[in-house]
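Remarks on the structure that follows.
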Amino acid sequence: MFKGAIVAIVTPFKKGKVDEKALRRLVEDQIAGGTKAISPCGTTGEASTLSHEEHDRVIEVVIDQVKKRVPVIAGTGSNSTAEAIRLTKHAWKAGADAALIVCPYYNRPTQEGLYLHYKAIAEEVPIPIIVYNIQGRTGVNMLPETLARLAELRNVVGVKEASGSIKQMSDIIRICGPNFDVLSGDDGFTLPLLSIGGKGVVSVISNVAPADMALMVDAFLAGDLKKAQDLHHKMSPLIDALFIETNPVPVKAALAMMGKIQYELRLPLCKLTEKSEAVLRNAMKNYGLLK
């Protein structure tokens, strides 16, 4: 159902508030760059620092700006099942094409608890659901066998897999079958995942270099492995720089360097150290994004 380069879009702030004008410009940049879908209110979108009203509004703005040109995959996860249902219902009613729902964080549920969490959401809201598995953020890893159970539900259609384990990704593809979309949650794993049957990536680097990530995935899916390999190696140093500190701090710094957003974050996230900023700026220059 979903494939290609999907951007995990940042939430720009200005004077402490969501900068809707900048967000709309970022959406246009993504569509012009060939991004296949836009995912607001995820980790990169600083969803954990948004109020409920802001969270809903960011999704509404993205949907309004996209105007059905590409799918909108709204981040609607929470560590509370009831809250995740509310967020997902809002996204569905607002016109989102799918919901990206992170595993419940902090609670550290069992595999049965994870299954029941997603089952409850899927039964309440008919929107297509993509599970977001990222143990480093949540404290819990959804096992391939649990995903296989969820894949039997009509509207659980895929996973954004950020376990860091290519074996786990392979097991998911093998167990869940070809109709279950496995998307990379790490830019650097995109090409290896594609090679074993993955469908694409929910990308951070696409915020600053949308065309290259889109071209890499498209090239691989079209059978042009050499072009995909070349783009993978081209992007690798910049990907490293964009994760020099906690995401989304470096990518927001990079977008600010490019003049696309204000360099604003919300505590407890804070700006890069001078050393990290210098490394990022150098990587941006080497990539050709800055003079």
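Answer yes if at least one residue in region 240-253 is among the polar types (S, T, N, Q) and buried (at least 22 other Cβ atoms within 10 Å of the Cβ), and no otherwise. Even if it seems obvious, please write down each step before you answer.
Going through region 240-253, the residues among the polar types (S, T, N, Q) turn out to be 246-247.
Next, from what is left, pick out any that are buried (at least 22 other Cβ atoms within 10 Å of the Cβ): none.
No, region 240-253 has no match at all.
(1) part of a helix (DSSP H, G or I); (2) under 26 Å from ARG25 (Cα atoms): which one isn't true of HIS233, the others all being true?
In the conditions (1) part of a helix (DSSP H, G or I); (2) under 26 Å from ARG25 (Cα atoms), HIS233 misses (2) alone.
Enumerate the pairs (first residue in region 255-276 and touching a residue at least 24 places away in the same chain (Cβ under 8 Å) and more than 20 Å from LEU23 (Cα to Cα); second residue anywhere and surrounded by fewer than 14 Cβ atoms within 10 Å (Cβ to Cβ) and among the aliphatic types (A, V, I, L, M)) with beta-carbon separation below 8 Å, excluding pairs fewer than 6 apart on the same chain, so at least 6 apart or on different chains.
Within 8 Å, no pair qualifies.
If you go through region 236-253 one residue at a time, how many are part of a helix (DSSP H, G or I) and in contact with a helix residue (DSSP H, G or I) (Cβ under 8 Å, 6 or more places away or on another chain)? Working first, answer last.
Residues of region 236-253 that are part of a helix (DSSP H, G or I), as a first pass: 236-242, 249-253.
This time we only want the ones that are in contact with a helix residue (DSSP H, G or I) (Cβ under 8 Å, 6 or more places away or on another chain), so: 236-242, 250-251, 253.
So the count comes out to 10.
Here is a check on your reading of the model: is LEU215 surrounded by 15 or more Cβ atoms within 10 Å (Cβ to Cβ) and either assigned to a helix (DSSP H, G or I) or modelled with pLDDT under 95 (or both)? Before you say what the answer is, go through the steps one by one.
On the way: surrounded by 15 or more Cβ atoms within 10 Å (Cβ to Cβ): yes; either assigned to a helix (DSSP H, G or I) or modelled with pLDDT under 95 (or both): yes.
Against the criterion (surrounded by 15 or more Cβ atoms within 10 Å (Cβ to Cβ) and either assigned to a helix (DSSP H, G or I) or modelled with pLDDT under 95 (or both)), LEU215 qualifies.
Which of (1) surrounded by fewer than 21 Cβ atoms within 10 Å (Cβ to Cβ); (2) at pLDDT 95 or above; (3) over 19 Å from ALA8 (Cα atoms) does GLU264 not meet, given it meets every other one?
(3)
Here are GLY259, GLY164, GLY197: which of them is modelled with pLDDT under 95, surrounded by fewer than 20 Cβ atoms within 10 Å (Cβ to Cβ) and of a type outside the set (Asp, Glu)? Working first, answer last.
Values: GLY259 fails: modelled with pLDDT under 95; GLY197 fails: modelled with pLDDT under 95.
One residue alone meets the criteria, GLY164.
For region 67-89, which residues satisfy the criterion of being among the hydrophobic types (A, V, I, L, M, F, W, C) and either part of a loop (DSSP other than H, G, I, E, B) or more than 19 Å from VAL10 (Cα to Cα) (or both)?
Our first condition is that a residue be among the hydrophobic types (A, V, I, L, M, F, W, C); within region 67-89, this holds for 70, 72-74, 82, 84-85, 87.
VAL70, ALA82, ALA84, ILE85 - these are the residues of region 67-89 that are among the hydrophobic types (A, V, I, L, M, F, W, C) and either part of a loop (DSSP other than H, G, I, E, B) or more than 19 Å from VAL10 (Cα to Cα) (or both).
GLY223 - would you say it is out of contact with any helix residue (DSSP H, G or I) (no Cβ under 9 Å at 6 or more places or on another chain), farther than 14 Å from VAL7 by Cβ and assigned to a loop (DSSP other than H, G, I, E, B)? Reasoning before the result, please.
On the way: out of contact with any helix residue (DSSP H, G or I) (no Cβ under 9 Å at 6 or more places or on another chain): yes; farther than 14 Å from VAL7 by Cβ: yes; assigned to a loop (DSSP other than H, G, I, E, B): yes.
Yes.
For the structure I just gave you, tell me whether ILE173 is surrounded by fewer than 22 Cβ atoms within 10 Å (Cβ to Cβ) and in contact with a Gly (Cβ under 7 Å, 6 or more places away or on another chain).
Values: surrounded by fewer than 22 Cβ atoms within 10 Å (Cβ to Cβ): yes; in contact with a Gly (Cβ under 7 Å, 6 or more places away or on another chain): yes.
So ILE173 passes the test.
Out of region 117-134, which residues are under 14 Å from LEU147 (Cβ atoms) and of a type in the set (A, V, I, L, M)? Spell out the reasoning first.
If we filter region 117-134 for residues that are under 14 Å from LEU147 (Cβ atoms), which is where we start, we get 117-119, 122, 129-134.
Those that are under 14 Å from LEU147 (Cβ atoms) and of a type in the set (A, V, I, L, M): ALA122, ILE129, ILE130, VAL131, ILE134.
Looking only at region 254-291, count how many residues are closer than 23 Å to LEU231 by Cβ, assigned to a loop (DSSP other than H, G, I, E, B) and within 20 Å of the chain's Cα centre (by Cα). First the steps, then the outcome.
Step one: filter region 254-291 for residues closer than 23 Å to LEU231 by Cβ, giving 254-255, 257-258, 260, 279-291.
The next check asks that each one be assigned to a loop (DSSP other than H, G, I, E, B); those that pass are 258, 260, 288-291.
Next, only the ones that are within 20 Å of the chain's Cα centre (by Cα) stay: 260.
Selection size over region 254-291: 1.
The values are calculated or read from the model by the stated rules, or taken from the named source; none is laboratory data. Predicted model, so just to flag it, every value in this text is computed and none were measured. Here the Cβ is made from the backbone with ideal geometry for all residues, glycine too, and neighbour counts use every protein chain on show.
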